[in-house]
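K.L.:
Have a look at the structure that comes next, please.
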Amino acid sequence: MKSEEIKEQVVLYSKILDQKGLVNSLEGNISIYDRENDLLYVTPTSTRKEFLKPEDIAIMKGDDQVGGNKRRSSEYLLHKVALAARPDCNAVVHVHAPYMTAYAYCNKSIDIRCSTTFAILHDGIPCIPYGLPGSLDITNGLSEAIQGHDIVLLANHGLVCVAKTLEHACAVVEATEEVLKIYNLAKTMGVSNLSDEDLEAIKKAKR
Ligand SMILES: [Zn+2]
């Protein structure tokens, strides 16, 4: 992908996530990593995603910003660590999606057994301990956790999702958030879980 195309994709998906209420001016950032040139294209800090323009997207080479009109999000460190741990992935979505983040606020991993979507997408979603936002602290435990899971919760903060493409990372975040929203409704009615055999069959079909 060319630089212009990458920036346009970051803008497009920022707006889609904004429309869905999954990011706001102060929370959430997304990126695409151009592995070939070692350039990370990440959303800037404190900008309403709705107003983002391609030239606002920050381009990072390591810890140096080499492009973009606006200062990179301080949370680019999350993206950098997650992408280093997952060479199969080129995109990161970091959001504070309400239903998933509720678990993070409670320092709880997510392991529900009632949803086929959840079973297809995840083998549980772990929660790593709290770390100070904007510092390297925030990434403690992220490398290990994200190697086995596409979404990892950050205690008292939000979540990180990695995927091959930004489209797929957004799709996984949206679908998982929807599942948890429904689970929250279903909980009050008495959820019926899938059996071990059913879950095993879903995992098998996935392989
Ligand atoms: Zn955050």
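We did not get these values from a lab; they are worked out from the coordinates using the rules stated. As the structure is a computational prediction, the values presented were derived from the model and not from experiment. Here Cβ is always computed from backbone atoms with ideal geometry, including for glycine, and neighbour counts include all displayed protein chains.
K.L.:
Got a number for residues in region 69-85 being within 16 Å of the ligand (Cβ to nearest atom) and either in a helix (DSSP H, G or I) or not acidic (Asp, Glu) (or both)?
P.N.:
Going through region 69-85 one residue at a time, the tally reaches 11.
K.L.:
Right, something else. Of everything in region 20-38, what is farther than 18 Å from Cys161 by Cα and surrounded by 11 or more Cβ atoms within 10 Å (Cβ to Cβ)? Give them in sequence order.
P.N.:
Within region 20-38, just Ser25 meets the criteria.
K.L.:
Being within 15 Å of Val162 (Cα to Cα) and either loosely packed, with under 15 Cβ neighbours inside 10 Å or out of contact with any Gly (no Cβ under 9 Å at 6 or more places or on another chain) (or both) is true for just one of Leu52, Leu78. Which residue is that?
P.N.:
Leu78
K.L.:
Name every residue in region 60-81 that is in contact with a Ser or Thr (Cβ under 8 Å, 6 or more places away or on another chain) and of a type in the set (A, V, I, L, M, F, W, C), in order of residue number.
P.N.:
Hits for region 60-81 are Leu77, Leu78, Val81.
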